[in-house]
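So the structure is just underneath, and the comments pick up after that.
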Amino acid sequence: MTMPSQSAAAPRSAAGWPAVLVVYAAALLLGMTLVSFPATSAVLKEALALSDADYGVIFLPQVALAIIGAVAGGTLAHRLGLAALLTLALAANAASQVFLAATDFVSPASGFVLLNVATACSGLGFGLMGAPANVYPRLLFPARGETAIVVAHTLIGLGLAVGPLIAGVFVGLGAWYAFAVVLAAVCVLNALAVLIVRLPQAEMPESDGKEGAVRPATTLRFWLFATIAVLYALAEGTFSNWAVIFLRDSKGLSDIIAGYALSAFWGALVAGRLLVSVLIVRVPARVIWLALLVLMIAACWLIPLTDSAVTGIGAFALAGLACSAFLPLTISLAIDRFPDSVAWVSSMLIAALMTGIGIGSWVFGLLQAMFPLEALYRLSSLYPLMALLLAALVLSTSRGGKEKRAEARIHPA
């Protein structure tokens, strides 16, 4: 789609900065709603009498609806438009927080049901948000499209980082449910703003498949990338979804300190992504890609050694740094090998990510009944180790010069 030349600082839409605020606020809220469940995991487990296996199960509806939302999002964007899709995504996120807060006012059995409905709504909102979060930034800042998308994804990460800090305040006040209520209200206000503010119009691109192009699904290389994405997601889900429970139950740290550690994970993930965007100018992307996997392995072995607030926060910050740019680099390398199927490859790798996060959290919960959390974190180092072996295999079949040039680009996930 050809865009008219504009200043890099000025948004394209006639509404100007109100449209920018609406779109980027939605990105921030997406991160905060996603992390609301891990951020309140300790009080949820106690209030609803959840076992570790029960807690792991709640992420399965989130994964399933996220995949459904992502697949349906492309069709809905063509039929309803991006503004309607963004409104639906915000409504789903608001609903997730309403159901989350409601768990505090019903019996544990009913609360568990509502909690699963809440995570399902959260997953649906995440899936539906994909197209608006990646298209609107380019429309608002056409002269700086890539930077605009990086900012949007950075705000998602910022929401993931600050969410546990804000939730910790409400937990400390003995009214954790108020955190979800406030989030729901802000999501509703953001959705109403989408309906009022004039957002830029987009001509949704047609399918990027071309006649005679290689179909990724028929190649071993694509499925290697998909497997790597799943293995990465297994590691990320282990780090993020179990951080609070591990530090509180296994290490005896307070809920507030455990929340700080989770925030450190997401904060380091955001900072690491920005750092890699600078390093990649001088360091080949494939080298950074492999190095991040080595850092993940190290984090899996260092986390069980934590014995204080400082070491706990530091270990999860290292894990966040290790996870930071791995998925964007994976998508970038995969897109380079399948340039005629960019949209399909990107969406499938995001689906692989959500599958891995959900399955990993569920399996981790089941295994926790048989092994202590420290041992499970060490065993989780097998995920990045296997990904490292597959990544080396993928790189050994590189296509040479064209690939090396394309690796210099990071496509935000």
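The values are calculated or read from the model by the stated rules, or taken from the named source; none is laboratory data. Because the structure is predicted, anything quoted here is derived from the model rather than measured. Glycine gets a Cβ as well: all are built from the backbone with ideal geometry, and neighbour counts include every protein chain shown.
Residue check: A27 meets all listed conditions (1) at pLDDT 90 or above; (2) within 23 Å of F371 (Cα to Cα) but one, namely (2). Of note, P132 satisfies the criterion of being touching a residue at least 12 places away in the same chain (Cβ under 8 Å) and more than 29 Å from E46 (Cα to Cα).
Residues checked against (1) part of a helix (DSSP H, G or I); (2) within 24 Å of I350 (Cα to Cα); (3) polar (S, T, N, Q):
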| site | (1), (2), (3) |
| --- | --- |
| R138 | yes, yes, no |
| T154 | yes, yes, yes |
| G159 | yes, yes, no |
| V194 | yes, no, no |
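Scoring D208 on the criteria (1) part of a loop (DSSP other than H, G, I, E, B); (2) at pLDDT 90 or above; (3) not aromatic (F, W, Y) leaves a single failure, condition (2). Could you say whether any residue in the range 122-130 is in contact with a Phe, Trp or Tyr (Cβ under 8 Å, 6 or more places away or on another chain) and modelled with pLDDT of 85 or more? Yes, the range 122-130 contains at least one residue that is in contact with a Phe, Trp or Tyr (Cβ under 8 Å, 6 or more places away or on another chain) and modelled with pLDDT of 85 or more.
Kindly indicate whether any position in the range 271-279 is out of contact with any Phe, Trp or Tyr (no Cβ under 6 Å at 6 or more places or on another chain), in a helix (DSSP H, G or I), free of Cβ contacts under 8 Å to residues at least 40 places away in the same chain and surrounded by fewer than 18 Cβ atoms within 10 Å (Cβ to Cβ). Yes; the residues of the range 271-279 include at least one that is out of contact with any Phe, Trp or Tyr (no Cβ under 6 Å at 6 or more places or on another chain), in a helix (DSSP H, G or I), free of Cβ contacts under 8 Å to residues at least 40 places away in the same chain and surrounded by fewer than 18 Cβ atoms within 10 Å (Cβ to Cβ). Just give me the residues in the range 43-102 being at pLDDT 90 or above and of a type in the set (V, I, T), in sequence order. Hits for the range 43-102 are V43, T87, V98. Among the residues of the range 281-338, the ones that are more than 17 Å from A268 (Cα to Cα), out of contact with any Asp or Glu (no Cβ under 9 Å at 6 or more places or on another chain) and of a type outside the set (D, E, K, R) come to 12 in all.
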